[in-house]
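Accompanying notes for the structure given below.
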Amino acid sequence: MSGTNNSKFTFNQSVQYYFDKASALTEHSEGLLSQIKACNSVIRMRFPVKVKGEYHTLEAYRAQHSHHKTPCKGGIRYSEGVDQDEVIALASLMTYKCAIVDVPFGGAKGGIKINPKKYTTGQLQRITRRYTTELIKKNFIGPAIDVPAPDYGTGAREMSWILDTFVTFNPGMIDAYGCVTGKPVTQSGIRGRVEATGRGVFFGVREAVSVAEDMKALGLTTGIEGKRIVVQGLGNVGFHSAKIFQENGAHVIGVAEYEGAIYDPTGKGFDIDALFEHRTHTGSILNFPGAKNIENSSEALELDCDILIPAAIERVITAENAPRIKAKIIAEAANGPTTPEAEEILLERGIMVLPDVYLNAGGVTVSYFEWLKNLSHVRFGRMSKRHEEMVQRRFVDAIEQNTGKKLRPEERNLIIQGGSEVDIVRSGLEDTMMGAYQDIHATWKTYNGVRDLRTAAFVVAINKVATSYIELGIFP
Ligand code: NAD
């Protein structure tokens, strides 16, 4: 999906460029670094699908970038832009992403070169099942082998079809439900997965804007409250990011989609649920009450705002538009939205870039929780919630008796309630995103030669993957 951009790098070359920039600052041997960088396995598939009596031959891929930890993990994308270069780039990003957030998987990615909007639900189901069968035949899917998840153009529905196909071909495999994540909750999915990437983006940005020294350098105040946000893409990641920012006091003043963009001249920000509803009814975000239309959607990237969140596709911030970007922070919710040439310009201009390889790791983090749930065959909190409540109730009772003071019922309920699945997932995600930011930030500030957050994130990832290879005895 490289699109028209003026970068001299393909998407995969740009990931390799970031790798080389960071790896040069580490002390690992050339052999070890070249093993970490290389994509271990790729399969390319061609299979037929019958549409209105005619057969179409589809092109599809699955790349497993690294097996330093297994299973491999990564989404499946349905888009006309899918090609081998893109799938390998995305699989590599998954390896580094998992390492950054301490998710014990190797990176993978899959894709089918289709525009899903051109197919009926029945046709999409057949395509998905056929793709899954190809993965099964090649031993490229399984709870201990390679675990797909949703990505651009796919969602819980496709993950259910993958699950059903895998279970059909593997009767009696007790952990079969761990073969794919991002499933509906009713099919052994996990509460909190749908919005996990968007929520992770929020936690990551919240960490970044809490550092007073960094915000002072950008001319911003600390905290999310009042920040002006522009989001590109109102799909899974963009919608949930926008909604969670709005819930936490930020103003989403611009939104860009395929059909055009809108901005809020009052600066108060859109009601994201109402905007989503408007798009569902009219088929477009344009003409949203109170908003001004922008015909050329990509111009929204240049709106005056504090935080720009590209949450659609790769390579949208280029050397051409980077000089005109007014945001102080680019929060990369999408994979690969900034070309290397654009990043140079942004850094030169003092703009902070929160890199994809860290910022959108919330999805894989909660996918990991879902996989753990599937292997343990029990919902998080199911066995502990009541017990926690009983212990906390006794504790509060003892305090009330000893002080002679009663808590208000709502205070009491807040203290005694045990953790439900969604509470546990959200707190695990929050802790993961906070911890990973602190690692990257410390590397940015203290590691010799590191000048930006993306290089810091790659250094953190490379060092962790290298440790794995060394400890496993694969490299001395
Ligand atoms: P999605 O298909 O749900 O949504 C993408 C949205 O972007 C769609 O609404 C589409 O119309 C819009 N879009 C496409 N091209 C556009 C353009 N040129 N301008 C404006 N809008 C455009 O996909 P998603 O799952 O939200 O993924 C978005 C990005 O986030 C991708 O880069 C993906 O790799 C990345 N990502 C997704 C997840 C996840 O959990 N879904 C996790 C990590 C990273």
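Any read-out appearing in this document is the output of simple, stated calculations on the displayed coordinates, not a laboratory observation. Since we're looking at a predicted model, the values are computed, not measured. Positions of Cβ are generated from backbone atoms using ideal geometry, with glycine treated the same way; all protein chains shown enter the neighbour counts.
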(message) I'd like the full set of residues that are over 30 Å from residue 187 (Cβ atoms) and among the aromatic types (Phe, Trp, Tyr), limited to region 375-401.
(response) 395
(request) Exactly one condition in (1) touching a His at 6+ places or on another chain (Cβ under 9 Å); (2) more than 30 Å from residue 213 (Cα to Cα); (3) among the aliphatic types (A, V, I, L, M) is not met by residue 425; state its number. (result) (1)
(request) Looking for whichever is more than 14 Å from the ligand (Cβ to nearest atom) and loosely packed, with under 15 Cβ neighbours inside 10 Å here; the options are 208, 212. Which one fits? (result) 212
(request) For region 135-159, enumerate the residues that are under 26 Å from residue 119 (Cβ atoms) and away from the ligand (no atom under 16 Å from the Cβ). (result) 135, 136, 137, 138, 140, 141, 146
(request) Go through region 49-84 and give me each residue that's of a type in the set (Val, Ile, Thr), in a strand (DSSP E or B) and away from the ligand (no atom under 15 Å from the Cβ). (result) 49, 51, 57
(message) Just to confirm my filter: which strands (runs of 3 or more DSSP E) fall fully inside region 244-361 and include at least 2 residues that are surrounded by 24 or more Cβ atoms within 10 Å (Cβ to Cβ) and either touching a Ser or Thr at 6+ places or on another chain (Cβ under 6 Å) or among the small types (Gly, Ala, Ser) (or both)?
(response) 251-257
(message) Here are the criteria: (1) touching a residue at least 24 places away in the same chain (Cβ under 8 Å); (2) more than 16 Å from the ligand (Cβ to nearest atom). Tell me which single one residue 289 does not satisfy.
(response) (1)
(request) Search region 264-281 for residues that are on the phi > 0 side of the Ramachandran plot and pair each with any residue that is of a type in the set (S, T, N, Q) when their beta-carbon atoms are under 7 Å apart and the residues are at least 6 apart or on different chains. (result) 269/246
(request) Give the residue, chosen from 386, 382, 349, 324, that is under 30 Å from residue 14 (Cα atoms), of a type in the set (Lys, Arg) and touching a residue at least 24 places away in the same chain (Cβ under 8 Å). (result) 349
(message) Among the residues of region 352-375, what is the count of those that are touching a residue at least 60 places away in the same chain (Cβ under 8 Å) and away from the ligand (no atom under 16 Å from the Cβ)?
(response) 4
(request) For residue 223, indicate whether it is in a loop (DSSP other than H, G, I, E, B), more than 12 Å from the ligand (Cβ to nearest atom) and either touching a residue at least 12 places away in the same chain (Cβ under 8 Å) or basic (Lys, Arg) (or both). (result) yes
(message) I'd like to check something: does region 160-178 contain any residue that is buried (at least 19 other Cβ atoms within 10 Å of the Cβ) and within 16 Å of the ligand (Cβ to nearest atom)?
(response) yes
